[in-house]
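Enquirer: Below is the structure I would like to discuss, written out as structure tokens.
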Amino acid sequence: MSDRTSEPERRSSVDRRTFLKRAGAAGAGAVIASRLQAPGSAAAQDATVRPDPPAKRGGTLRYGVHTAPAHFDVHQSGTVANIGAQSPMYDTLLRRSPKDGQTIIPDLAWKWEISPDGKKYTFHLRKGVKFHDGADFTAEDVKATYDRIAHPPKGVVIPRTPLFATVGDIVVVDPHKIEFRLTEPRPKAFMLGAFASGWNIIVRKKTLEENQGNLRQVMAYPGTGPFKHVSRKDKEVWIMERNPDYWNKGLPLVDRLEVYHMMPFSAELGSAFLSGKLDYARLLDPVSWRKAKEMSGVTAAAFNQSVIQAVWMNMKKKPLADVRVRRAMHLAMDRHTLVEVVKDTAPMQVGGFVYPFHEMSTPRAELEKKLGYQKDIKPAVQEARRLMKEAGYGQGIKGLDFVVRDANTFKLWAVAIQAMLKEHLNIECNLRVVQISQWFDEVGGGNFDLGISAIVSSLMDPSDYFSAWYGKDGPQNYSYWTNPGFHDLANQIERELDDNRRKTMVRKAEDILEQDPPLIPVSYEQIYDAWYNKVKGQNPSTYFGIYDVVRWDQVWLA
Amino acid sequence: MRKYLARRAVYAVVTLLGVSLSVFVILRILPGDPLVAILGVEGHAHMKPADRARIMADLGLSDPLPVQYVRWLADIGAGRLGKSFFRGDTVAELIAHRGPISAEIGVLAFIVSWLVGLPVGILSAFKPNSLPDGVARALSVLFIAIPGFWLGMLIVLALLFWFGYKAPIVIVHLWQNPWQNLQIVIGPAAVLGLAQGAYIARMSRSCLLEVISEDFVRTARAKGLREGLVVMRHALPNALLPVITISGVLLGFVLGGSVAVEQAFGVPGLGRALVTAVIERDIIVVQNLVLLYAVIFVVVNVLVDLSYGWLDPRIRYG
């Protein structure tokens with residue numbers, strides 16, 4: 001109270017000279033502060049995407065990626081069919097740098113702060129940003145977007161909702177400042193990764209209100225992104241043009257973007273690229289990619305993707321409930337051969353239960369010394385046979401129902417795995433090939449013994465998928481697996497803020513999963529891209545997945 | 001004639017009702033969840049029962065099956081073909097955009113089949129057991145035996161690897177750019193046409209062999225007519241009826257074959273749309289496209305039947 005009463009007196013004591021000094025100091029402070037890193041923020045905060053110095057403007061980029069989206073709601077999607085075609089029309093709060101695909105840099109938020117207790121994320125939003133329909137972008141749009149992602153309305157299913165499970169209140173401080181208040185802290189890298197995920201595009205509050213929160217059948221809802229919708233021919237092409245009012249002046253660099261919808265790993269995509277009908281192709285099949293690599297004037301790159309290919313074992317069925325049987329089956333896999341089996345169909349790599357290329361997982365060289373991952377599989381098979389004998393199945397198991405998802409890779413693997421199980425452990429399986437929609441019916445309903453398919457995570461961070469893939473009642477824990485020790489540890493990993501301690505815990509979790517496998521890791525997907533050398537400004541070789549750097553704003557044509 | 005037409009119309013309606021009921025029931029009893037395709041694997045995994053109920057209700061799939069069936073027929077009656085479950089595009093738009101390409105392929109395949117099949121059949125019939133007859137018969141067996149989609153893939157790969165060529169990757173209509181349009185349709189039309197041409201060659205050969213041993217052909221020759229006139233004016237018209245009949249039936253093969261051949265050539269026609277819709281479990285699109293194919297098949301066969309009267313005046317419709 002006394003402070004308040006004295007405030008006018010203090011003000012009255014400010015003379016002209018003092019005022020000018022203070023104003024000057026405040027001005028200088030503001031300038032310096034704007035150059036300094038904000039508390040808790042990355043050094044990357046001043047790294048908004050800028051055009052390459054030699055970049056030229058103009059031209060049409062013809063990009064081939066995936067089949068057409070099943071619907072238009074990017075938030076509700078889990079496939080690159082949406083993000084590949086639609087992302088150029090939208091922005092996110094933060095993004096991954098297109099230079100390396102990993103560093104988190106500003107996007108619609110030009111600056112951010114994280115409170116020391118890790119429970120408050122404050123984002124400072126850019127001013128003067130407009131949606132494609134001319135409306136101003138404000139913090140209300142960010143709030144509406146994230147309220148929807150974190151707490152979707154009924155009938156709206158958003159795979160990224162679990163990333164924001166700890167987001168309590170989202171508070172608009174002013175039209176260009178917003179706070180996310182967490183009920184409990186999460187690792188910084190995890191939260192910032194979630195905000196920088198390419199899936200979490202910012203949409204207008206009004207758009208969501210007008211469509212009752214469901215954009216599945218709304219084709220071209222306005223974004224703030226570098227490209228604007230022009231036209232779309234279903235299952236053929238989506239055409240976009242340069243947004244002349246884009247907030248990031250000088251970007252995008254190409255005038256027109258044509259996104260062609262083609263099946264991933266298909267001969268159709270490969271032939272369209274090799275015949276020069278596309279400038280850039282993503283998800284090429286290995287044969288076309290190798291051919292592209294040999295062509296002059298073409299660059300081909302391989303990079304990692306957040307997809308695991310695996311066999312699930314129904315633990316509700318007696319032999320598979322036995323941890324020794326599951327471990328034996330895990331050890332009986334010749335993983336290097338499995339990668340070889342599909343080498344002309346899809347690019348794959350050997351891995352365990354954590355993304356093999358992630359900083360927290362066991363390094364590849366170390367992994368390949370472990371049983372089950374060695375090139376010489378004899379020791380692993382020997383141990384597998386010992387375990388089967390110990391479990392009372394030394395003579396093998398007959399008649400396992402092996403549900404195979406109808407795709408070339410799974411069909412090839414299923415036959416190879418069937419042979420490996422028979423040869424190494426005398427386990428006999430009957431293959432049952434079903435369409436993808438039936439696979440999830442059968443496996444989700446527990447009507448299987450073994451099932452082969454692939455699942456994906458939004459982030460590479462183990463906390464994103466430990467609960468979904470391996471968590472008790474996790475939505476993709478198709479084996480019905482439980483291990484209290486693992487669940488406790490996963491819970492701790494989710495809350496541990498120290499990176500080194502987290503890493504140690506993740507390694508411990510890997511050990512648990514090795515001994516008590518919730519699934520049989522078959523391999524991890526890679527992505528094959530190729531582009532004609534006239535396409536400049538993007539090289540995905542170090543990218544993690546295809547869900548974050550998908551904007552094409554920095555790409556230019558020589 | 002009118003009575004005949006009315007009777008055929010009734011049969012056609014009954015046939016189409018049967019097709020509609022079959023496709024409706026089959027699509028409902030087929031295993032598989034359309035929501036996997038709509039929401040994707042990840043979305044499907046995170047879906048709660050309440051979300052499922054809401055989405056199924058929105059799609060009209062939670063109503064009793066008889067209600068869904070009657071609603072579909074009523075929609076067709078009112079000229080509405082419904083919307084894709086997924087993106088909300090109407091089936092009418094889909095047919096309007098992709099139908100012309102598939103129709104062109106069908107018509108061109110028909111023309112190719114006659115242009116190739118009939119001369120080969122005539123040649124074989126008038127020089128039986130000669131070398132040309134042997135070659136023609138071997139080729140016709142080959143084209144009947146080779147699956148169209150496989151031949152299509154070979155052609156696509158050969159053109160790509162030898163000439164670096166691929167047909168346009170999006171639909172270009174005839175009225176937009178005839179040359180590009182031809183590049184899209186010629187491959188599938190040739191593959192489908194050659195297969196049908198093989199059937200026509202075999203059928204026309206055997207019919208002609210039968211006809212040329214008839215008295216009226218011998219009489220025509222005895223009159224001193226040239227061999228060409230004997231064939232064109234006397235033998236061929238009498239041998240054509242079974243060939244026309246088989247041509248109508250073959251249209252069914254063209255329609256069915258186009259599904260796989262369009263896929264092999266990467267032509268975005270109706271056949272390809274049907275394949276995608278089946279994979280996606282886009283029920284509304286599948287049932288309307290199957291019904292459209294059935295309508296085409298029924299109409300063509302009625303036209304074939306009617307053409308008998310024109311080709312052979314002895315035939316009367318009662």
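Every number here is computed from the coordinates shown, using simple stated rules; none is lab data. The shown structure was predicted, so the numbers you read here are calculated from the model rather than taken from an experiment. With ideal geometry, Cβ positions are generated from the backbone for all residues, glycine too; neighbour counts draw on all protein chains shown.
Enquirer: Hey, can you list the DSSP H helices of chain A whose Cα span along the axis is 20 Å or longer and whose average Kyte-Doolittle score is at least 0.0?
Expert: A:16-35, A:408-425
Enquirer: Of B:304, B:268, B:211, which is farthest along the charge dipole of chain B in the positive direction, counting Lys and Arg as +1 and Asp and Glu as -1 at C-beta?
Expert: After comparing all options, I get B:211.
Enquirer: Among A:292-299, B:247-254, how do they line up by average Cβ neighbours within 10 Å per residue, starting with the highest?
Expert: Top to bottom by mean Cβ count within 10 Å: B:247-254, A:292-299.
Enquirer: Right, here's the next one. Please compute the modelled spin-label separation between residue A:419 and residue B:16, points set 7 Å along Cα→Cβ, answer in nm with one decimal.
Expert: 5.2 nm
Enquirer: Please compute, for peptide A:67-73, the average count of beta-carbon atoms on other protein chains lying within 10 Å of each residue's beta-carbon.
Expert: 6
Enquirer: Provide the FRET efficiency to the nearest 0.05 for the residue A:169-residue B:244 pair, computing r from the beta carbons and using R0 = 56 Å.
Expert: 0.15
Enquirer: Oh, and also: Evaluate the charge dipole of the protein assembly as shown about its Cα centre and quote only its size in Debye, nearest 20, assuming +1 on the Cβ of each Lys and Arg and -1 on the Cβ of each Asp and Glu.
Expert: 1160 debye
Enquirer: Please state the charge dipole magnitude for segment B:2-77, taken about the Cα centre, from unit charges on C-beta atoms (+1 on K and R, -1 on D and E), reported in debye and rounded to the nearest 20.
Expert: 660 debye
Enquirer: Only loop residues by DSSP count here, and only those with at most 15 other Cβ atoms within 10 Å; note down the chymotrypsin sites (Phe, Trp or Tyr not before Pro) in segment B:121-219 that meet that.
Expert: B:165, B:175
Enquirer: Between residue A:376 and residue A:60, how high is the FRET efficiency from 1/(1 + (r/R0)^6) when r is the Cβ-Cβ distance and R₀ = 45 Å? Nearest 0.05.
Expert: The calculated FRET efficiency here is 0.30.
Enquirer: Then there is this: Quick one: of the DSSP bridges fully inside the protein assembly as shown, what percent are antiparallel, nearest 5?
Expert: Antiparallel: roughly 75 percent of the beta bridges in the protein assembly as shown.
Enquirer: If you don't mind, there's one more thing I want to ask. Calculate the length of the line joining the C-alpha centroid of segment B:136-209 to that of segment B:1-24, in whole Å.
Expert: If we compute the Cα centre of each part, the gap is 32 Å.
Enquirer: Still on this model: Which order do the peptides A:345-352, B:90-97 come out in when sorted by mean C-beta neighbours inside 10 angstrom, highest first?
Expert: Ranked by mean Cβ neighbours within 10 Å, highest first: A:345-352, B:90-97.
Enquirer: Further, regarding this structure: Projecting each Cα onto the charge dipole of segment B:2-77 (Lys/Arg +1, Asp/Glu -1 at the beta carbon, about the Cα centre), which of B:11, B:32, B:66 comes out farthest on the positive side?
Expert: Toward the positive end, the furthest listed residue is B:11.
Enquirer: A follow-up question, please. What does the average come to when, for each residue of peptide A:432-438, you count the partner chain Cβ atoms lying within 10 Å of its Cβ?
Expert: Per residue, the number of nearby Cβ atoms from other chains is 6 on average.
Enquirer: Rank by packing, highest mean first: peptides B:24-36, B:109-121, with packing defined as the count of other Cβ atoms within 10 Å averaged across residues.
Expert: Top of the packing list down: B:109-121, B:24-36.
Enquirer: Same structure, new question: Over 26 Å between C-alpha atoms is what I'm after, so list which of A:99/A:508; A:293/B:166; A:233/A:293; A:111/A:534; A:293/A:343 land there.
Expert: A:99/A:508; A:233/A:293; A:111/A:534
Enquirer: Pick from B:185, B:14, B:259: which is most flexible by mean-square fluctuation in a GNM of chain B where alpha carbon atoms under 10 Å apart are linked?
Expert: Judging by the Gaussian network model, the answer is B:14.
Enquirer: Take A:383, A:209 and order them by how many other Cβ atoms sit within 10 Å, fewest up front.
Expert: Ranked by crowding around the Cβ, least crowded first: A:209, A:383.
Enquirer: So what's the protein assembly as shown giving for Cα Rg divided by 2.2 N^0.38 Å, two decimals?
Expert: This ratio for the protein assembly as shown stands at 1.13.
Enquirer: What whole-number distance in Å separates the alpha-carbon centres of segment A:228-245 and segment A:520-551?
Expert: Between the Cα centre of segment A:228-245 and that of segment A:520-551, the gap is 22 Å.
Enquirer: Same structure again: Quick check: pseudo-label points 7 Å beyond the Cα along Cα→Cβ at residue B:63 and residue A:406, how many nm apart are they?
Expert: In this crude label model, residue B:63 to residue A:406 measures out at 2.8 nm.
Enquirer: Using 7 Å Cα-to-Cβ label points, what is the residue B:4/residue B:179 separation (nm, one decimal)?
Expert: 4.8 nm
Enquirer: Less than 12 Å from a label point 7 Å out along the Cα-to-Cβ axis of residue A:127: which backbone N atoms in segment A:171-187 qualify, by residue?
Expert: A:175-177
Enquirer: Compute, for segment B:97-311, the length of the dipole vector about the Cα centre, with Cβ point charges of +1 (Lys, Arg) and -1 (Asp, Glu) only. Units Debye, rounded to 20.
Expert: Computed about the Cα centre, the dipole is about 460 debye.
Enquirer: Go through A:481, A:532, A:455 and say which Cα lies farthest out towards the positive end of the charge dipole of segment A:438-553; charges sit on Cβ, +1 for Lys and Arg, -1 for Asp and Glu.
Expert: Positive-end residue among those listed: A:532.
Enquirer: Of the trypsin sites (Lys or Arg not before Pro) in segment B:254-318, which ones lie in a loop per DSSP and count no more than 10 other C-beta atoms within 10 Å?
Expert: Here the sparse-neighbourhood loop sites are B:314, B:316.
Enquirer: Provide a whole-number value for the mean count of partner chain Cβ atoms within 10 Å of the Cβ atoms in peptide A:264-271.
Expert: 4
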